[in-house]
Amino acid sequence: MYTVIDLFSGIGGLSYPFHRDANFKVAAANEILKEPAIAYGLNYPKTKMYNCDIADLSVSQIQKDLGIEKVDIVLGGPPCQSFSTVGKRDIGDPRTFLFKEYCRFLEECSAKMFVFENVRGLLSVQRGLLFRQILNKFKNLGYTIKYELLDSADYGVPQHRKRIIIVGFKKKFKFKFPLPTNGSKKNPYLTVADAISDLPRIGNDGESTQYESTPKNQYQLDIRDQAEVLLHHNYSSNHKKLVDIMEYLPDGGSFKDIPQQLRPKSGFGNTYSRLWWNKPSTTITRNLGVPSSSRCIHPKEPRALTTREGARLQSFPDNFVFYGSRQKMNLQIGEAVPPLFAQSIFQEVASCIY
């Protein structure tokens, strides 16, 4: 049994496969925000959730509370807003240096291995200086480091989502990053249609708790995970002008396809844009339900994505529980690691640590 701690856990996308394998015990998790911490507890009731600032938590406290003698693996990705390539970077944001708290935990528990996840923008912040500082900090703690920039679409997720994964280990583990399973000369990429075509159309103002059809492919069959009721598939109405704008958009259409007289006065090239029905989604964000946000308008309807559609594109199973308002649930989904992507990393971790 390998003991795992999940830091900056969100709703637990990165740790999802560790919870499902009997050889691993995710003993504790830490998340500062209330709603994702509650959602984590609802999905993983056997894990002790510490809903607090990580600066107020220590390995010794966790060990005392839970009777743990050792920690084998640490997971986590400190908040990434200041590293993101979407929007304005703010290197002065105090969250930029939360990786130091992550390192403090590694130093306190001397874990055998860690898995660190973050946005690709981390590679270019301060021309790569911050990334090099992070790597050096890990090395100074005695870890051998491997890192790769990976795209979740290459591993069976119906969404392009590039993330930097850093894996550190103290022993001579023969860790290697997973080879892509989808893409050029491999299995075809999964598309938006592959992910959500069994969900009912609900228009600009609707809701449904029933599936449109039986699963149409293996992805839909797996992601239903025996769920009988469709949850979080609803949408509130947009005003008529916004609906008119969206109805002008063709499949994959963008800002420039909107007639000049209707075109919003502000926006970027990927805002007010439709997803493609027969391509993977672009990166799902916390604003997946907002038409003016980064490309998130449904390929065939005059609305942005529902919470359930966002969860599908992130590869969360239909029986996974989210918590709070629709905005809070969308934030939980948009900031998560896709479980199916995490599964690919987990398989390589498991193969080298056994």
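Here are the numbers:
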item: Residues that are surrounded by fewer than 18 Cβ atoms within 10 Å (Cβ to Cβ) and either within 18 Å of residue 220 (Cβ to Cβ) or of a type outside the set (Gly, Ala, Ser) (or both), drawn from the range 176-186; result: 176, 177, 179, 180, 181, 185, 186
item: Residue among 230, 262, 249 that alone is open to solvent by less than 30 Å² (accessible area, probe 1.4 Å), of a type outside the set (Phe, Trp, Tyr) and more than 25 Å from residue 213 (Cβ to Cβ); result: 249
item: One residue from 256, 265, 279, 241 being within 24 Å of residue 207 (Cα to Cα) and among the basic types (Lys, Arg); result: 241
item: One residue from 44, 50 being out of contact with any Gly (no Cβ under 8 Å at 6 or more places or on another chain), of a type in the set (Phe, Trp, Tyr) and either open to solvent by less than 70 Å² (accessible area, probe 1.4 Å) or at pLDDT 95 or above (or both); result: 50
item: Positions within the range 146-167 being out of contact with any helix residue (DSSP H, G or I) (no Cβ under 8 Å at 6 or more places or on another chain), surrounded by fewer than 20 Cβ atoms within 10 Å (Cβ to Cβ) and either of a type in the set (Lys, Arg) or touching a residue at least 60 places away in the same chain (Cβ under 8 Å) (or both), in sequence order; result: 146
item: Sole residue being within 19 Å of residue 189 (Cα to Cα) and small (Gly, Ala, Ser), chosen from 324, 310, 289; result: 310
item: Residues that are under 11 Å from residue 103 (Cβ atoms) and in a helix (DSSP H, G or I), drawn from the range 113-134; result: 133, 134
item: Boolean, residue 167 is touching a Lys or Arg at 6+ places or on another chain (Cβ under 6 Å), of a type in the set (Val, Ile, Thr) and outside any loop (DSSP other than H, G, I, E, B); result: yes
item: Any hit, the range 327-344, residues being part of a loop (DSSP other than H, G, I, E, B), of a type outside the set (Phe, Trp, Tyr) and over 16 Å from the mean Cα position of the chain (by Cα); result: no
item: Residue 292, sole failed condition from (1) open to solvent by 30 Å² or more (accessible area, probe 1.4 Å); (2) more than 27 Å from residue 19 (Cα to Cα); (3) in contact with a Leu (Cβ under 9 Å, 6 or more places away or on another chain); (4) at pLDDT 95 or above; result: (4)
item: Top-ranked residue in the range 308-344 [being within 20 Å of residue 281 (Cα to Cα) and of a type in the set (Ser, Thr, Tyr); ranked as surrounded by the most Cβ atoms within 10 Å (Cβ to Cβ)]; result: 315
item: Selection status of residue 177, at pLDDT 95 or above and either of a type in the set (Gly, Ala, Ser) or in a helix (DSSP H, G or I) (or both); result: no
item: Restricting the range 187-227 to residues that are among the charged types (D, E, K, R) and assigned to a loop (DSSP other than H, G, I, E, B), the residue that is least open to solvent (accessible area, probe 1.4 Å); result: 198
item: Failed criterion for residue 100 (all others in (1) buried (at least 19 other Cβ atoms within 10 Å of the Cβ); (2) over 15 Å from the mean Cα position of the chain (by Cα); (3) at pLDDT below 95 hold); result: (1)
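The values are calculated or read from the model by the stated rules, or taken from the named source; none is laboratory data. It should be emphasised that the depicted structure is a prediction, and the values quoted were computed from it without experimental measurement. Heads up, the Cβs are rebuilt from the backbone with ideal geometry, glycines too, and the neighbour counts pull from every protein chain shown. All accessible areas refer to the heavy atoms of the entire protein, side chains included, with ligands and DNA or RNA removed. Shrake-Rupley method; radii C 1.70, N 1.55, O 1.52, S 1.80 Å.
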